[in-house]
Amino acid sequence: MRGAKVTDILLKYFLIFIGLTIFLFTVYKFVPIAVIKNDFPGNSIQVLGINRNIVFQYFYFLRSLLTGNMGYSNTLFYSGTVYSAVSITIPETLLFLGVTFAISYMVSYFIGIYSGTVFKTAKIVNMNIFPLLFLYLVSGLILLAVFSGILGWLPSHGILSSSSAALNGWVSSTGSSIYTTSPTNIIFIDSIIHGSSSIFLNFLKHMALPFFSLFIPTTVYLGVFISHEASIEYNKKYMRAGISRNAFMDSYTIYIKRGIRSRIFREMKSVFVIFMGGMVIVSYIFSYMNTGEFAIYSFLNYDYGIMGGIYSFFVLAIIVIIFDLFIDIINRGGRNEI
Amino acid sequence: MRYNPRNLIMGISLAFILLYILAFISDALYPSYLGVRTLSTLLAFKKTVSVIPSPPSLNNGWWRYFGTTYYGIALLPALLGSLKFDFTVMFASLGISTLAGSAIGFLANYAGGAIKKFIFYIVRIMTTAPYLLVMLLILYVARPDETGIIIAISAGWFPFNIIRYIELSEFKNSKKHSGNWWKLAKFLPYILTDMGAISGIVVIITYFGFYFKNPFVVDIGNIMYLGGNVITFLTFGAWWIAVFPLLFITVFIGFTTLLSYEIKGVVSGAEE
């Protein structure tokens, strides 16, 4: 996508967005209407235009997706409107996702650049990315068994302990392990605003195991990838010649970073999609309040979960599309070929 | 004679993979080697009266080596028996997704132009969302039984095979390295990694509890789930009930990935 215009990139992702909604609509049409009616009490199912022809139905469905008018959810995770379930969980999801991915990237970048230039790991072929998803299950359960089960240092489930949440008026519980806080609905920020160190520490303790379950596999994978790319760049002729003549004034790592930047950005898109899958797994293992956890419980409940499942799928896919769009825009000058 | 560590690693990896496949065939043909008559329920592996997991022990029989899990189910024989379900689903999903992906990839290459662009567009849409969620969405429609899991995994996985097929078809190298056998050699590492990765996905899906037909299905994910009871005992310190099942399947995934990695290295080395 070298030299692509921003408008071209926006158009590409707009078409992907439309394709995604058509895919979701296609799957939704395979669900028996009696099951969908369960999520729309009374005559509210008319919002989906089920008596219209299939083309109109798609536009009704699209409107419901965009406005969040997706009926009710009645699962072990949450009972209420689908929109409220997602709007309660999405701030914490974004915080968890953003913090964990950013820290994983920064640590792996540092390790990768260092090991790639010092140990020269060019001969190591890159790992295949697909087994990464399973490693999230492994790291999650192993960390749970060791740090919660055997050592008892960290809590095994939830985003806050009910006892500490009950002591603060600005924290309210809306279901099993679901907490809302005012004013931002992000516990981390609200505990700082209210000056509550107990909630702040309690939140960090609950976040520790899910964080490391995602952080460890992602950092290892990205670290190996960056190390490999940095080493290849380091061993290129121009780099060897420049270093031997001291043409880079000892700041050759800047040139290595520039050289590998577009390749890292491209790989980050693949890693982020699998990372999102990992977040779903980890949030389920630790009952960590999250849109991914809501998606699993929605899909598990055949009779009262489909609209919740579709909407949480849609929201998580939109996060991926925005991330890819952002990467493509800042990587416009990057070359696709290695 | 020069010692080649790559050959040794490939030999060990292949030996382990074949051992797992041997266990899978034995499960299908002769399950009584595990001391059970049927592999239709985990309760066939119930060895103790107490439902509370007992820790691993080297005494009183080989079935105690990995301890027992909830319901007194002996872990080691249950894990060996679980390969029947897991590998059946894995091989079926792998076969369908590879065939479907290759066929569509072939069509895209053959037709070219707008059709190829359209197929790429569909692939891009299918790979936008986390593929685990794509599979769960399709699983919801296909219903969560053995066939449904195969359909869901195949549908979620085949877009990757379309991309691979097109990439390999467009792959051009020296005359020496451009034949169909060479392309197959380049495709083999993907198949091997997929064997491991899809096995992992089967475990993840059943770990979530997506198997309504039989709550005691003999499967590694279900051994770590059992109606959500396993996690409770895990938080009380019964580490073996998750660590051994994870270790058991991770060894297989690890060796398939390692073999794939080494074959990729051999192919890349030969090209250079």
Original post:
Of B:199, B:26, which has the most accessible area with a 1.4 Å probe, and how do the rest follow in descending order?
Top reply: B:26, B:199
**OP:** Could you tell me the number of lysine pairs in the stretch B:34-271 with C-alpha atoms less than 13 Å from each other, where the two lysines are 8 or more residues apart or belong to different chains?
**Re:** 5
Original post:
Under the definition of partner shielding as Cβ atoms of other protein chains within 10 Å of a residue Cβ, what is the mean value for peptide B:134-141?
Top reply: 6
**OP:** Assuming 0.692 mPa s and 37 °C, estimate D for chain A with Stokes-Einstein, Rh taken as the Kirkwood radius over Cα pairs, in µm²/s.
**Re:** 147 µm²/s
Subject >> Fluctuation leader among B:223, B:241, B:122 - chain B, Gaussian network, Cα springs under 10 angstrom >> reply: B:122
Original post:
Efficiency by 1/(1 + (r/R0)^6): what FRET value for residue B:185 and residue B:9, r their Cβ-Cβ distance, R0 = 22 Å, to the nearest 0.05?
Top reply: 0.80
Original post:
Which GluC sites (Glu not before Pro) from the stretch B:94-174 combine a DSSP loop assignment with at most 13 other Cβ atoms within 10 Å?
Top reply: B:170
**OP:** Could you give me the percent of Cα pairs per 10 Å distance bin for the stretch B:34-271, shortest bin first, beginning at zero and ending with the bin that holds the maximum distance?
**Re:** 7, 27, 29, 19, 11, 5, 0
Original post:
With a sphere of radius 15 Å drawn around the Cβ of residue A:94, what net charge do the other residues whose Cβ falls strictly inside it have (Lys, Arg +1; Asp, Glu -1)?
Top reply: -3
**OP:** Go ahead and set up a Gaussian network model of chain A, Cα springs under 10 Å, then flag whichever of A:302, A:136, A:109 fluctuates most.
**Re:** A:302
**OP:** Provide, for q = 0.07, 0.12 Å⁻¹, the log10 of I(q)/I(0) from a solvent-free Debye sum over equal Cα point scatterers in the protein assembly as shown.
**Re:** -0.46, -1.41
Original post:
Of A:288, A:255, A:234, which has the largest mean-square fluctuation in a 10 Å C-alpha GNM of chain A?
Top reply: A:255
**OP:** With runs of 4+ DSSP H residues as the only contributors, calculate the mean residue ellipticity of chain A at 222 nm using -39,500 (n - 2.57) per run, divided by the residue total and rounded to the nearest 500.
**Re:** -22000 deg cm²/dmol
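The values are calculated or read from the model by the stated rules, or taken from the named source; none is laboratory data. Bear in mind that the values here come from a model prediction, so they are computed numbers and not experimental data. Reconstructed Cβ throughout: ideal geometry from the backbone, glycine too, with neighbour counts over all protein chains shown. Accessible surface is based on the protein model in full, side chains and every heavy atom, while ligands, DNA and RNA are left aside. Shrake-Rupley method; radii C 1.70, N 1.55, O 1.52, S 1.80 Å.
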